[in-house]
Each structure stands twice: as C-alpha cells, then as structure tokens.
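Reviewing the structure listed below.
The values are calculated or read from the model by the stated rules, or taken from the named source; none is laboratory data. Only a predicted model underlies this, so the values are computations on that prediction, with no experimental measurement involved. So basically every Cβ, Gly included, is an ideal-geometry build from the backbone, and we count neighbours across all protein chains shown.
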Amino acid sequence: MSEAPLLSVENLRIDLAIADARHAAVKDVSFAIGRGETYGLVGESGCGKSVTALALIGLLKAPMSVGGGRVRLHGEEIQALPAAQMRKLRGKKISMIFQEPMTALNPVSPVGRQIAEMFVLHEGATWREAERRAVEALASVRVPAPDRRVKDFPHQLSGGMRQRVMIAIALACNPDLLLADEPTTALDVTVQAEILELIRDLSAAKGAAVLMISHDLGLIANMCARVGVMYAGRLVEERPSQEIFSAPSHPYTKGLVASLPLLGDRAKHGRQRLREIAGVVPAVTNFPAGCRFNPRCPAASDICLSDDPAPTQLPGGLVRCHHHD
Ligand SMILES: Nc1ncnc2c1ncn2[C@@H]1O[C@H](COP(=O)(O)OP(=O)(O)OP(=O)(O)O)[C@@H](O)[C@H]1O
Ligand code: SF4
Ligand SMILES: [Mg+2]
C-alpha cells in the first residue's frame, strides 16, 4: 500500500454565512502535498487562497466556516479536531506565516520571548533553555546580532526583520508543513528575494513541505514544483510548474500566463502579452451559474452558462473546463 501524502485536502468547502444563507466561498477544492514538497496556490485577489490556508490550520473565523470535505495530515483527519488538539498541532506540525507579520506577532512581548514560547509550549523546554534556543533560532533566520535583537519588540524591527521573526517562530519546532500566505507582498523588492530564499533554504534544511500562496504566478512557479490555480473558490487547474507556462490548459491560467510581462511567450502572445484579464473576480454572494469564470472567459459557450465543469485528469494534473486544451 502506498504511503499517505503529508497533506490531503478532499472536496473542501468553505461557507460564508450571511443572514440565513450560506454561500460556498470555496467549493470542492482537492489537492495533496507530499513530504518536503513545495506546492503553490495562485490566483487573483479574492479567489479563496487565504481562507483555504486558514481552514487547513483551523483558524477560520465567522462568518467563514468549513462547510464540508476532509483535511488529512499523515492520513489522519484534522479538520474536526477539538480546539485544544488543533492548538497543539499548530506550530508543532503545521505553521503559518502571513503577509503582515505585525498582525500575528504580540506587540507587547519581546520577539525572543515569542520564539521561546514555542519551545516551552510544544517541547516542554524550561524558559531559560527556550530563551537560549530563541537566540539560535533568530541567528538561523539571518538576523544580525540575535543576542541583542531577542529583546526587541516587534515595532522596533523593520518589515523584513519581522517576517524573519515570523519564520523563526513558524519553523522553531520543525513542523512538517509551512503555510506561507503572501509572505513577501508587503516587503520591498530586494527584501522579498531574501525572504523567499530564506523560506526555501530553511524549509529544505528542515525537510518541511511548503504551501506557498501568491497572486504572482512567476514567483510561485519559481519556488514550487507543482501549482494549483484558484479562481472564485475553485481549483481550476493543477500542473507541474513548467507545464503551466509551456502548455496552460484552462482559459484563466492562460490569462495569468499572458499577463506575465517577463515570462509570457513573446512569439505566441506578441504585443498582447502584457494583457490583463478583463473584468474582476465576482463576490462570493454573486458567483454566476455554470462555470464561475464564464463572465470573463473568451472561450465561453452555452454549456458554460449552465453547467459547472467537472475536473478532467491531465498527465500530471487536472483541469476544470468544458473546453480545455
Ligand atoms: N471575514 C470575511 N467576511 C466576508 N467575506 C470574506 C471574509 N473573508 C474572506 N471573504 C471573502 O472570501 C473570498 C476569498 O477571500 P480570501 O481572503 O481567501 O481571498 P485571497 O485569494 O486570499 O485574496 P488576496 O489575494 O486578496 O489575499 C473573497 O471574496 C473575500 O471577500
Ligand atoms: S468552462 Fe467555459 S467559461 Fe469556464 S473556463 Fe472553460 S470555456 Fe471558459
Ligand atoms: Mg489572501
């Protein structure tokens, strides 16, 4: 029998509750991540990337909630774990870093103390031991003078340094899976590259798998072996990274590739390669019938207006479109 993947997500549904109605913000999302694998989730703003990650780690808040499906870690279901057990798992088995670390860090606690807390909470270390290890953890995320910086409060650090602290906290207890939700979007371009390199190096060194989330397909394809493309709460295509560029199958993926100025195929797209996808992602309360991409899709036909396409297997992936390549 083959070993269970590290993470498997089956038919995940996330509901947005408004008054008495439940709207499926995320519907039938399925994917798996292997041990040590780096998997990317990409899509425009509002496609459901963050709520998917929050659901995996048990941090969804009202009015959003998990409405169905299964999440398994090492083959064991985790989506219905009691809060106390989920808290034990967080940081120890799965951890998460966010776009703006300030929201996740405690503003009134020195950063060294916040790192040390992980060792006390999850590994039963004494505070003395934990604070010593916090200095090492800060050094491992390449923070200069870590023995002094441990005493700093979050607001005394730059955005890049704060993100390094978040990474140190997230990786302190060697989790199996790191969820990285737009970890560099709020940072300067030069700092972005350093943070991505840090995530790549440290996760590889610790053998942690990474779910990297971004609206930037170029970044995702650089970092990840496989890519899942999300549109309006659906996983519309999943492929190995290089195939996303050489042979995108879903019209939405084609649009994302064509809107990449540097990586688009110049010969194929000619002067139009800088084209943005016309229109916007619909609100959760306003998803169209049929395929959710139909109002923006250049290939839409009658069936697209009435029938939601089922996933079709492709070599190494899948696509959800009536008229896929
Ligand atoms: N607390 C909330 N209340 C109401 N709607 C919400 C809430 N959280 C998310 N949504 C809606 O759910 C959808 C998915 O949101 P999500 O934050 O997951 O998008 P995203 O893909 O992460 O976008 P971004 O790239 O902007 O971070 C969006 O339409 C968003 O407006
Ligand atoms: S199912 Fe139809 S509307 Fe949806 S992406 Fe495919 S062609 Fe476009
Ligand atoms: Mg988001």
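Tell me, yes or no, whether the range 29-37 has at least one residue that is within 12 Å of ligand 1 (Cβ to nearest atom) and hydrophobic (A, V, I, L, M, F, W, C). Spell out the reasoning first.
If we filter the range 29-37 for residues that are within 12 Å of ligand 1 (Cβ to nearest atom), which is where we start, we get 29.
From what is left, the residues that are hydrophobic (A, V, I, L, M, F, W, C) are 29.
Taking every residue of the range 29-37 in turn, at least one turns out to be within 12 Å of ligand 1 (Cβ to nearest atom) and hydrophobic (A, V, I, L, M, F, W, C).
Within the range 49-76, work out how many residues are polar (S, T, N, Q), within 16 Å of ligand 3 (Cβ to nearest atom) and in contact with an Asp or Glu (Cβ under 6 Å, 6 or more places away or on another chain).
Count: 1.
So, in the range 174-196, exactly how many residues are surrounded by fewer than 17 Cβ atoms within 10 Å (Cβ to Cβ) and touching a residue at least 60 places away in the same chain (Cβ under 8 Å)?
1
Could you tell me which of the residues M230, M161 is at pLDDT 95 or above and away from ligand 3 (no atom under 16 Å from the Cβ)?
M161
Say we look at the range 198-217 and pick out the residues that are away from ligand 1 (no atom under 15 Å from the Cβ) and either at pLDDT below 95 or among the small types (G, A, S) (or both); which of these is nearest to the chain's Cα centre (by Cα)?
Within the range 198-217, the match that is nearest to the chain's Cα centre (by Cα) is A209.
For the range 197-218: of the residues being buried (at least 16 other Cβ atoms within 10 Å of the Cβ) and assigned to a loop (DSSP other than H, G, I, E, B), which is nearest to ligand 3 (Cβ to nearest atom)?
Checking each candidate, the answer is H215.
Considering only residues that are in contact (Cβ under 8 Å) with a residue 60 or more places away in the chain and within 16 Å of ligand 1 (Cβ to nearest atom), look in the range 284-325 and name the one that is farthest from D20 (Cα to Cα).
F293
Hey, among the residues in the range 112-152 that are among the basic types (K, R) and in a helix (DSSP H, G or I), which one's surrounded by the fewest Cβ atoms within 10 Å (Cβ to Cβ)?
Taking the candidates together, the pick is R128.
Do we have M212 as in contact (Cβ under 8 Å) with a residue 24 or more places away in the chain and within 16 Å of ligand 2 (Cβ to nearest atom) here?
no
Considering only the range 15-25, I want to know if a residue exists there that is within 16 Å of ligand 3 (Cβ to nearest atom), over 19 Å from A180 (Cβ atoms) and of a type in the set (G, A, S).
Within the range 15-25, one or more residues are within 16 Å of ligand 3 (Cβ to nearest atom), over 19 Å from A180 (Cβ atoms) and of a type in the set (G, A, S).
For the range 219-263, give me each residue that is in a strand (DSSP E or B) and touching a His at 6+ places or on another chain (Cβ under 7 Å).
Applying the first criterion (in a strand (DSSP E or B)) to the range 219-263 yields 226-231, 234-240.
Of everything in the range 219-263, those that are in a strand (DSSP E or B) and touching a His at 6+ places or on another chain (Cβ under 7 Å) turn out to be V229, V236, E237.
Can you name the residue in the range 101-111 that is touching an Asp or Glu at 6+ places or on another chain (Cβ under 9 Å) and crowded, with 17+ Cβ neighbours inside 10 Å and, of all such residues, is nearest to E136 (Cα to Cα)?
In this case the residue turns out to be V111.
Cβ-Cβ distance below 7 Å, separation of 6 or more or different chains: which pairs start in the range 234-260 with a residue that is aromatic (F, W, Y) and end on one that is not in a helix (DSSP H, G or I)?
Close Cβ pairs satisfying both conditions: F245/L263; Y252/V229; Y252/Y231; Y252/V236; Y252/F293.
Anything in the range 93-108 that is away from ligand 3 (no atom under 15 Å from the Cβ), part of a loop (DSSP other than H, G, I, E, B) and under 18 Å from the mean Cα position of the chain (by Cα)? List them, or say none. Please lay out each step first, then the result.
Initial filter on the range 93-108 (away from ligand 3 (no atom under 15 Å from the Cβ)): 93-95, 102, 105-108.
Retained after the next criterion (residues that are part of a loop (DSSP other than H, G, I, E, B)): 93, 105-108.
Once the filter is applied, which keeps residues that are away from ligand 3 (no atom under 15 Å from the Cβ), part of a loop (DSSP other than H, G, I, E, B) and under 18 Å from the mean Cα position of the chain (by Cα), the range 93-108 yields only K93.
Kindly indicate whether any position in the range 28-42 is within 16 Å of ligand 2 (Cβ to nearest atom), more than 16 Å from the chain's Cα centre (by Cα), under 25 Å from L89 (Cβ atoms) and charged (D, E, K, R).
Taking every residue of the range 28-42 in turn, at least one turns out to be within 16 Å of ligand 2 (Cβ to nearest atom), more than 16 Å from the chain's Cα centre (by Cα), under 25 Å from L89 (Cβ atoms) and charged (D, E, K, R).
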